[in-house]
Amino acid sequence: LMKAINKKKDFLIKNNVKFFIIGPDRIRTNAYINRMIEKNKVENIVENLDAVYGIEKEKILTNGDIFVHTSRYEGLPTAVVEAMIYKMPILVTRGTNMYEIAKDKQCGWGAENNVKSISQQFDKIIEEKNKIKEYGENAYKYAKENYEWTKVAKESINIYRNLIKGIK
């Protein structure tokens with residue numbers, strides 16, 4: 001992600017894009033991220049924040065435009081689903097299981113796990129900025145229909161019931 005931001009930094013600055021990298025400081029990741037920000041000279045468009053919770057998280061999710069999640073491998077990224085619930089379209093890489101959903105359900109944009117593809121998606125998002133609201137609505141609808149806790153709980157109970165029936 002940082003390399004893609006660096007590659008497109010002039011374009012991103014021109015289009016008033018700002019990235020917030022948010023998460024807990026596990027195994028000194030914040031120091032590494034801060035070094036990457038400095039090395040790539042993107043301090044004016046990338047801010048590294050510690051984990052956020054509650055009202056602070058809500059504020060970020062309601063004021064952001066797009067949720068970017070680049071990953072080489074991720075099962076079901078809860079943070080992506082949370083962003084979708086807040087009507088944020090997503091930019092995800094193929095490493096998440098949300099790649100096809102983003103593209104096929106028009107919940108956002110999908111990129112391959114490389115600098116070229118991610119930076120191309122930055123171009124595409126700016127070109128298609130009129131779709132941000134629509135994709136956000138689609139993201140919200142998809143998340144509510146597929147990941148709402150009551151529905152997930154009922155489906156889980158049914159799976160367990162069927163497993164138990166199979167054992168008897």
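Couple of notes before you dig in:
- Residue in the range 140-168 that is nearest to Lys9 (Cα to Cα), counting only those that are at pLDDT 95 or above and open to solvent by 60 Å² or more (accessible area, probe 1.4 Å): Tyr140
- Scanning the range 135-168 for residues that are charged (D, E, K, R) and touching a residue at least 40 places away in the same chain (Cβ under 8 Å), we see that the one that is farthest from Val92 (Cα to Cα) is Lys144.
- Subset of the range 92-104 (residues that are open to solvent by 30 Å² or more (accessible area, probe 1.4 Å) and of a type in the set (Phe, Trp, Tyr)): none
- Residues in the range 1-21 that are in contact with a strand residue (DSSP E or B) (Cβ under 9 Å, 6 or more places away or on another chain) and surrounded by fewer than 16 Cβ atoms within 10 Å (Cβ to Cβ) were compared, and the one that is nearest to Asn48 (Cα to Cα) is Phe20.
- The C-beta contact set for the range 20-46 (first residue assigned to a loop (DSSP other than H, G, I, E, B), second residue basic (Lys, Arg), distance under 6 angstrom, 6+ apart or interchain) comprises Val42/Lys9; Ile45/Lys18.
- Among the criteria (1) under 17 Å from the mean Cα position of the chain (by Cα); (2) surrounded by fewer than 18 Cβ atoms within 10 Å (Cβ to Cβ); (3) modelled with pLDDT of 95 or more; (4) of a type outside the set (A, V, I, L, M, F, W, C), the one Pro89 does not fulfil is (2).
- Considering the range 28-59, and only residues there that are among the acidic types (Asp, Glu) and out of contact with any strand residue (DSSP E or B) (no Cβ under 7 Å at 6 or more places or on another chain), the residue that is farthest from Ala83 (Cα to Cα) turns out to be Glu38.
- Given (1) in a helix (DSSP H, G or I); (2) farther than 22 Å from Tyr140 by Cβ, index of the condition Asn16 fails: (1)
- The condition of being farther than 22 Å from Ala4 by Cα, open to solvent by 70 Å² or more (accessible area, probe 1.4 Å) and modelled with pLDDT of 95 or more holds for only one of Glu137, Glu127, that being Glu137.
- Any hit, the range 105-113, residues being open to solvent by 70 Å² or more (accessible area, probe 1.4 Å), more than 20 Å from Tyr73 (Cα to Cα), of a type in the set (S, T, N, Q) and within 15 Å of the chain's Cα centre (by Cα): yes
- From the options Glu43, Glu74, Glu58, Glu38, residue that is among the acidic types (Asp, Glu) and either open to solvent by less than 70 Å² (accessible area, probe 1.4 Å) or within 20 Å of Thr93 (Cα to Cα) (or both): Glu74
- Asn114 vs. criteria modelled with pLDDT of 95 or more, over 16 Å from Ile66 (Cα atoms) and out of contact with any strand residue (DSSP E or B) (no Cβ under 8 Å at 6 or more places or on another chain): yes
The values are calculated or read from the model by the stated rules, or taken from the named source; none is laboratory data. Remember, it's a predicted structure, so these values are computed and weren't measured experimentally. Virtual Cβ from ideal backbone geometry, glycine too; neighbours counted across all protein chains shown. Keep in mind that these areas ignore ligands, DNA and RNA; they rest on the heavy atoms of the full protein, side chains included. Shrake-Rupley method; radii C 1.70, N 1.55, O 1.52, S 1.80 Å.
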